[in-house]
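For reference, the structure is listed below as structure tokens.
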Amino acid sequence: MNRRSIALTIAIVVLLAGGTGGTLAALLRHEPAFYARSAMPEGPQRTKSSGEFVGEFARLLFGISDKRQWDARFTEEQLNSYFQEDFLKEHPNDQPLPEGIRDPRVALEPDKLRVGFRYGPPTWSTIVSIDLRVWLVAKEPNVVALEFQGVHAGALPISSQSLLECASEAARRHDIDPTWYRHNGHPVLLLRFQAGRSRPTFQVQQFDLHQGMLSISGRSLDTTPQSNSGRQNSAE
């Protein structure tokens, strides 16, 4: 199951809308307030904020590979500016997102991530929005939990199963082991980073969502095996 199930769900809604008047069609065309609010107007500020995201992300990658302790902070403005600026410039001749998906935006709230994107052709496109509760799992190194609290096409609720499977497929391609369970009736996706490594190279110690900001920090791990003589010298 993949993006086809999303398309099928929305197509069914479109057919129903055609048979029952304009109410369902209006619900399908509904644009969530956070999605409209997250659009960054074109101009120097958007370019600057996008560049700040790229710089901070590069600093994070450098820190993970070269420093014992590392951290990074990303603002909602930087993320949405990046999606509308450098993200597109980095992929001028290809489609980096799954077919039919475009114009991604995010809203950052305390312990909550809201993701939205436009889906489908212009004739019947809708905004798919996902409400996620996010936390770093205690006593489970490098595991982040995503609780799918709601998935909507416009204002209409749809199944989260297809998105769970899409996210799982994407995670596996990046050495992240996905598993899921249900909590209070909601599916929860667990993402275990560097799952294929017997000796992880880093440990995430903080993954916090605040109003308008994401903070992440951790430490790099020494993965160099010690020789027997080295261990003996250390013991002496």
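Could you please let me know if PHE83 is more than 14 Å from the chain's Cα centre (by Cα) and not aliphatic (A, V, I, L, M)?
Details: more than 14 Å from the chain's Cα centre (by Cα): no; not aliphatic (A, V, I, L, M): yes.
Criteria not met by PHE83.
Kindly indicate whether any position in segment 214-228 is modelled with pLDDT under 90, in a helix (DSSP H, G or I) and exposed (fewer than 11 other Cβ atoms within 10 Å of the Cβ).
yes
Take SER125 and tell me if it is at pLDDT below 90 and more than 13 Å from the chain's Cα centre (by Cα).
Against the criterion (at pLDDT below 90 and more than 13 Å from the chain's Cα centre (by Cα)), SER125 qualifies.
Which ones in segment 62-76 are surrounded by 14 or more Cβ atoms within 10 Å (Cβ to Cβ), more than 18 Å from the chain's Cα centre (by Cα) and in a helix (DSSP H, G or I)?
Listed by number, the residues that qualify are GLY63, ILE64.
Please count how many residues of segment 114-155 are among the β-branched types (Val, Ile, Thr), in contact (Cβ under 8 Å) with a residue 60 or more places away in the chain and closer than 16 Å to LEU209 by Cα. Spell out how you get there, then give the answer.
The first filter runs over segment 114-155 and keeps only residues among the β-branched types (Val, Ile, Thr), leaving 115, 123, 126-128, 130, 134, 137, 143-144, 151.
Going one step further and asking which of them are in contact (Cβ under 8 Å) with a residue 60 or more places away in the chain, we end up with 126-128, 134, 144.
Those left that are additionally closer than 16 Å to LEU209 by Cα: 134, 144.
So the count comes out to 2.
Checking the condition out of contact with any Leu (no Cβ under 9 Å at 6 or more places or on another chain), of a type outside the set (Gly, Ala, Ser) and buried (at least 18 other Cβ atoms within 10 Å of the Cβ), which residue from PHE148, PHE193 passes? Quick ask: steps written out before the conclusion?
Working: PHE148 fails: out of contact with any Leu (no Cβ under 9 Å at 6 or more places or on another chain).
Just a single option satisfies the conditions, and that option is PHE193.
For segment 129-144, indicate whether the set of residues that are at pLDDT 90 or above and touching a Gly at 6+ places or on another chain (Cβ under 7 Å) is non-empty.
Taking every residue of segment 129-144 in turn, at least one turns out to be at pLDDT 90 or above and touching a Gly at 6+ places or on another chain (Cβ under 7 Å).
Among the residues of segment 102-118, are any modelled with pLDDT under 95 and either among the small types (Gly, Ala, Ser) or buried (at least 22 other Cβ atoms within 10 Å of the Cβ) (or both)?
no
Select from segment 27-43 the residues that are touching a residue at least 12 places away in the same chain (Cβ under 8 Å) and assigned to a helix (DSSP H, G or I) and write down the one among them that is surrounded by the fewest Cβ atoms within 10 Å (Cβ to Cβ).
Among residues in segment 27-43 that are touching a residue at least 12 places away in the same chain (Cβ under 8 Å) and assigned to a helix (DSSP H, G or I), the one surrounded by the fewest Cβ atoms within 10 Å (Cβ to Cβ) is ARG37.
If the requirement is being at pLDDT below 90, among the basic types (Lys, Arg) and part of a helix (DSSP H, G or I), which of these qualifies: ARG4, ARG46, ARG59? Before you say what the answer is, go through the steps one by one.
On the way: ARG46 fails: at pLDDT below 90; ARG59 fails: at pLDDT below 90.
The conditions single out ARG4.
Looking at segment 192-200, can you tell me whether even one residue there is hydrophobic (A, V, I, L, M, F, W, C), within 30 Å of ARG68 (Cα to Cα), part of a loop (DSSP other than H, G, I, E, B) and at pLDDT below 85? Let's see the steps before the verdict.
Going through segment 192-200, the residues hydrophobic (A, V, I, L, M, F, W, C) turn out to be 193, 195.
Next cut, within 30 Å of ARG68 (Cα to Cα) only: 193, 195.
Imposing the further condition that a residue be part of a loop (DSSP other than H, G, I, E, B) reduces the set to 195.
When the remaining residues are screened for being at pLDDT below 85, the result is 195.
Yes, that holds for at least one residue.
Can you name the residue in segment 131-145 that is closer than 30 Å to ALA25 by Cα and surrounded by 19 or more Cβ atoms within 10 Å (Cβ to Cβ) and, of all such residues, is farthest from the chain's Cα centre (by Cα)?
Quick first cut of segment 131-145, residues closer than 30 Å to ALA25 by Cα only: 131-133.
Cutting the leftovers down to surrounded by 19 or more Cβ atoms within 10 Å (Cβ to Cβ) gives us 131-132.
On the way: ASP131: 11, LEU132: 9 Å.
It comes out as ASP131.
Tally up the residues in segment 121-159 that are in contact with a strand residue (DSSP E or B) (Cβ under 9 Å, 6 or more places away or on another chain), farther than 25 Å from HIS174 by Cα and hydrophobic (A, V, I, L, M, F, W, C), please.
Summing the residues that are in contact with a strand residue (DSSP E or B) (Cβ under 9 Å, 6 or more places away or on another chain), farther than 25 Å from HIS174 by Cα and hydrophobic (A, V, I, L, M, F, W, C) in segment 121-159 gives 4.
The values are calculated or read from the model by the stated rules, or taken from the named source; none is laboratory data. What you see is a predicted model, and the numbers here were worked out from it, not measured in a lab. Reconstructed Cβ throughout: ideal geometry from the backbone, glycine too, with neighbour counts over all protein chains shown.
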